[in-house]
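The values are calculated or read from the model by the stated rules, or taken from the named source; none is laboratory data. A quick note: this is a predicted structure, and the numbers were derived from the prediction, not measured. Please note: Cβ atoms are built from the backbone with ideal geometry, for glycine as well, and neighbour counts cover all protein chains shown.
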Amino acid sequence: MQSCVFKLPDGTELQEDDTEFGFNLDKIEDTSPVNKSVLKLSVENVKSIQSKSTSSASQLFFLEANLTSELFELTLTDDFLNYEEYETKDVISLTITFECTTGKSRIIEFLLPIIDTNNNDPKFINAPYTYELSMPFPKGLSLDLLGKISARDIDLTNSKIIFSLDKNDDKSNGFKAEWSSTDSVDKKLHYANLLTTFVINISENLTFNIFATDTGNPPRTTHTTVTITIDKLNSIIKFGSPIYTGNYSTLDLENNHEEELKFNEGDITLSSGIDENIKFTFEVNPAKYQDNFQLKSSNDYSKVQVILKKKLQYIIEESILILTINARKPGTEASTIVITKLSDDSMINLDNSCDNFDGSFIIIILIVLLVIVSIVLVVSIIRNMRYQKDPVVEKTNNANELKPEMTEVARPSSSSNNSQPRRSVTFVDEIKEINIARL
């Protein structure tokens, strides 16, 4: 008696050789509905299904085997709806051991190819994303050190995801997104690299979109948001400008009202490091006018005002006053300079900007340096003239020899008769006496 017999719908019998390396079924799309019949075979001498196994990674059965006395059928199970969620292979494998009525058995592996239709959008994991950064934040650093951005695409044939930002969104300026790697275990999971392209120094939190696009045909795209918040506690304090200038030469200092000083560079603000722990202080040069001024900071500590008090402790006589404003908090501090012109007597013009002040100041310094250098040069020349060596007597052949510019003369000696003869050397405009040793 024959063992288990399987016949195709056209009556062709499946031989042992036909199923030696598996029996290939017709391809189906990954969007096929559950309970869809993928194979029907007429049977003879088949008693039962003895066992079945699958090679799926999830060990789920995506094919259901149904056997009657005359028919064997394979249909898609409910788990097939999530096949791409769990599996990476584009072939379903089901191996069945049949028990024949003759006491024998027959093993057949059924292989069902899957057509990937790219029917799934990439999906961001643990989105949206928020990063708290201290300001200023350096260029060229990856934010994945603070938390990874990843997206998963369950489509079978997509091996990569393209990450990008909206170039037309000003809020994303200074950032760049790119594909980084694939997870070592879950091959459907892809990581993004979010980089800074220049130094980030924002004063307010910002949010922008990041996009994930698969490589299917046609490609599918999804997006989520990235929010950058300011780590105020660890941000470095920085003023909006290193110097502020204002012209108050027309102000009546003797009859003034309380006056908020305005500056050519705008309000005195902090561009980074703003938080409630900041303490503002100031110093006035000359120091005796310190009590004529006071500082007022805004409620959010982002701006500070310089107030000229209504009643002055000292009448200001200087044409220029310089205030140094300091901002401090634990771990960081910064300063800015405030220059106020209070009289037209000053050589410095502050009407336009601090650039004019810098130029005039540099010219004055150069003039002073030139005068100092000139004085030093003149003094050096005079000292060299004074310390030139006097003419001396040179010895030649153990005898004293006078230089040509010297003239030897004899002078009477005013000393006693026992004293030695006295000679002199005469110059045109000066006589210096020297003793000549006895020959």
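For the stretch 1-40, filtering for residues that are out of contact with any Lys or Arg (no Cβ under 9 Å at 6 or more places or on another chain), of a type in the set (Gly, Ala, Ser) and in a loop (DSSP other than H, G, I, E, B) leaves 3.
So for the stretch 123-136 (the condition being closer than 19 Å to Leu25 by Cα and touching a Ser or Thr at 6+ places or on another chain (Cβ under 6 Å)), does at least one residue qualify? Steps first, answer last, please.
First pass over the stretch 123-136, keeping only residues closer than 19 Å to Leu25 by Cα: none.
No, there is no match, as no residue in the stretch 123-136 is closer than 19 Å to Leu25 by Cα and touching a Ser or Thr at 6+ places or on another chain (Cβ under 6 Å).
What about Asn285, is it farther than 21 Å from Leu321 by Cβ, surrounded by fewer than 18 Cβ atoms within 10 Å (Cβ to Cβ) and of a type in the set (S, T, N, Q)? Here the answer is no, as Asn285 does not meet what is asked. Quick check on Thr281: is it in a strand (DSSP E or B), among the hydroxyl-bearing types (Ser, Thr, Tyr) and assigned by TED's automatic domain parsing to the domain that holds Met135? Criteria not met by Thr281.
Assess whether Lys341 counts as being modelled with pLDDT of 90 or more and outside the structural domain of Val199 (by TED's automatic domain parsing).
Spelling it out, it is not the case that Lys341 is modelled with pLDDT of 90 or more and outside the structural domain of Val199 (by TED's automatic domain parsing).
So, Lys139, is that one touching a residue at least 40 places away in the same chain (Cβ under 8 Å) and under 18 Å from the mean Cα position of the chain (by Cα) or not? Here the answer is yes, as Lys139 does meet what is asked. Say whether the condition of being touching an Asp or Glu at 6+ places or on another chain (Cβ under 9 Å) and under 25 Å from Ser235 (Cα atoms) is met by at least one residue in the stretch 167-182. Within the stretch 167-182 (the criterion being touching an Asp or Glu at 6+ places or on another chain (Cβ under 9 Å) and under 25 Å from Ser235 (Cα atoms)), the answer is yes, since at least one residue qualifies. Checked against the criterion of being surrounded by fewer than 16 Cβ atoms within 10 Å (Cβ to Cβ) and assigned to a strand (DSSP E or B), the candidates Leu295, Leu270 yield just one match: Leu295. Reported count of residues in the stretch 210-256, each being under 21 Å from Pro138 (Cα atoms) and either out of contact with any Lys or Arg (no Cβ under 9 Å at 6 or more places or on another chain) or not hydrophobic (A, V, I, L, M, F, W, C) (or both), is 15. Among the residues of the stretch 1-50, what is the count of those that are of a type in the set (A, V, I, L, M, F, W, C), more than 15 Å from Phe72 (Cα to Cα) and more than 60 Å from the chain's Cα centre (by Cα)? Adding up the residues that qualify gives 1. The residues of the stretch 115-132 that are part of a strand (DSSP E or B) and either touching a Lys or Arg at 6+ places or on another chain (Cβ under 7 Å) or hydroxyl-bearing (Ser, Thr, Tyr) (or both), listed by number, are Ile115, Lys123, Ile125, Tyr129, Thr130, Tyr131. The single condition among (1) in contact with a Lys or Arg (Cβ under 8 Å, 6 or more places away or on another chain); (2) in contact (Cβ under 8 Å) with a residue 40 or more places away in the chain that Asp186 does not meet is (2). Residues of the stretch 46-60 that are touching a strand residue (DSSP E or B) at 6+ places or on another chain (Cβ under 8 Å) and either part of a loop (DSSP other than H, G, I, E, B) or under 25 Å from Asn118 (Cα atoms) (or both): Thr54, Ser55, Ser56, Leu60.
So is Val43 part of a strand (DSSP E or B), over 30 Å from Thr225 (Cβ atoms) and either touching a residue at least 24 places away in the same chain (Cβ under 8 Å) or not hydroxyl-bearing (Ser, Thr, Tyr) (or both) or not?
Details: part of a strand (DSSP E or B): yes; over 30 Å from Thr225 (Cβ atoms): yes; either touching a residue at least 24 places away in the same chain (Cβ under 8 Å) or not hydroxyl-bearing (Ser, Thr, Tyr) (or both): yes.
Yes; evaluated as a whole, the condition is true for this residue.
Determine whether the stretch 123-130 contains at least one residue that is in contact with a Phe, Trp or Tyr (Cβ under 9 Å, 6 or more places away or on another chain), assigned by TED's automatic domain parsing to the domain that holds Thr224 and more than 30 Å from Asp17 (Cβ to Cβ). Checking the stretch 123-130: not a single residue is in contact with a Phe, Trp or Tyr (Cβ under 9 Å, 6 or more places away or on another chain), assigned by TED's automatic domain parsing to the domain that holds Thr224 and more than 30 Å from Asp17 (Cβ to Cβ).
Would you please list the contacts, defined by Cβ atoms under 9 Å and residues six or more apart or on different chains, that run from a residue in the stretch 215-241 that is within 23 Å of Glu204 (Cα to Cα) to a residue that is assigned to a helix (DSSP H, G or I) and small (Gly, Ala, Ser)? From residues that are within 23 Å of Glu204 (Cα to Cα), the pairs are Val226/Ser172. The set of residues from the stretch 78-96 being β-branched (Val, Ile, Thr) and either assigned to a loop (DSSP other than H, G, I, E, B) or modelled with pLDDT under 95 (or both) comprises just one member, Thr88. Contact annotation: residue pairs with Cβ atoms under 9 Å, 6 or more positions apart or on different chains, pairing a residue in the stretch 285-306 that is within 22 Å of Ile237 (Cβ to Cβ) with a partner that is polar (S, T, N, Q) and not in a strand (DSSP E or B), are Tyr301/Asn277; Ser302/Ser203; Val304/Ser298; Gln305/Ser298. In the set Gly273, Gly266, only one residue is closer than 23 Å to Asn201 by Cα and over 25 Å from the mean Cα position of the chain (by Cα); that residue is Gly266. Looking across the stretch 61-77 at every residue that is modelled with pLDDT of 95 or more and not in a strand (DSSP E or B), the one that is surrounded by the most Cβ atoms within 10 Å (Cβ to Cβ) is identified as Phe62.
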